[in-house]
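Just so you know, all these numbers are worked out from the coordinates, no wet-lab data involved. Just so you know, these numbers come straight off a predicted model, no measurement behind them. Positions of Cβ are generated from backbone atoms using ideal geometry, with glycine treated the same way; all protein chains shown enter the neighbour counts.
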């Protein structure tokens, strides 16, 4: 049970594998939800208060906090940071919205094709959803998934991407405010955020049907934990014993005000420990592409389409059918859209830099975090 610091393994880690497993966990969770219409029957929800998909999203935000903080604090270039984040999120999302509206939609709509394509909402779907211009839960496609338990939700998981983008923006503002100038300054900020989370849990005890503030607290703090792990990577020592102790503490705090906070700490520790161990053959997964984003953004509409075509599918059969289809779409998304765009993100950053007028109002955008 030897401990190690997060700085020791460098780029040789299991981040890609964890993202893949988390995305598959979301698909499994949604297979239960979409086939039964009742996510409350998930064993993890009864045991922990969160579904398997909720836990997986927490994992995504921890990893994102770690890796995005690394990107910002290593490059320390605001425009490059913004370009990288846009390149990672928007192109794949926009293409997924196009595929949903013009491939999956016509297959799964209850309307005739002329009626479907005459609806303005079909043509507005990709511009609205693919740019995060509106809440994806409020935008539908005519007649699509009309016979499913969640007939009004075309792509449910996309709501979390808006919180992800908010986290990117918050990290940038915190960095520009000088919070990362010293570890002590960040430690004070982190302690204040933790105190704020505890205060929120006191005034808002855990309950079903979380609000936007609940989501912000859970996802924002998970992201912050990942960021803190990067900042203190040279000093933070993790071992299996650490993870087990945090699990025991979380279990002991179940039903108390401090349960959710303890759960977030445990999740972060478990994820970051697994990111560095095990080694050996499992690291070969890094040679594959990062298919997690494609799995995440295509999983729901694929499952919805299958339910629309055959409503009596069990969760197991729905996952068995939907996961391979979604994986194919994710592989295509990575190799044809996401990876090529990411390879050109620095050129995009240079283009944006040249467009920004060299006047005081905009000069701040060209500032480096030195």
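Highest mean first, how do 182-188, 259-265 rank when packing is the count of other Cβ atoms within 10 Å averaged over residues?
Peptide ranking by packing, descending: 259-265, 182-188.
Roughly speaking, what is the centre-to-centre gap between the range 25-67 and the range 302-335 when only Cα atoms are used, to the nearest Å?
Spelled out, the Cα-based centre of one part sits 17 Å from the other.
Could you check the spin-label model distance between residue 351 and residue 117? Points 7 Å from the Cα along Cα→Cβ, value in nm.
The modelled label-to-label distance comes out at 3.0 nm.
Would you compute, from DSSP H runs of 4+ residues alone, the mean residue ellipticity of the chain at 222 nm, taking -39500 (n - 2.57) per run and dividing by the full residue count, rounded to the nearest 500?
Taken over the chain, the calculation gives -21000 deg cm²/dmol.
Given R₀ = 41 Å, what would the calculated FRET efficiency be for residue 90 paired with residue 277, taking r from the Cβ atoms and rounding to 0.05?
In this case the efficiency is close to 0.75.
When the chain is modelled as a GNM with alpha-carbon springs shorter than 10 Å, which of 271, 179, 302 fluctuates the most?
179
Once you order the gyration tensor axes a ≥ b ≥ c over the Cα atoms, which shape class does the range 1-151 get: rounded for a/c under 1.5, otherwise prolate or oblate by comparing a/b with b/c?
Verdict is oblate for the range 1-151.
Regarding the range 44-129, what are the three Cα extents along the principal axes, ordered largest first, in Å?
Taking max minus min along each principal axis of the Cα atoms, the range 44-129 gives 52, 43, 15 Å.
Mind giving me the FRET efficiency for residue 316 and residue 107? R0 is 22 Å, r the Cβ-Cβ distance, nearest 0.05 is fine.
Computed FRET efficiency for residue 316 and residue 107: 0.45.
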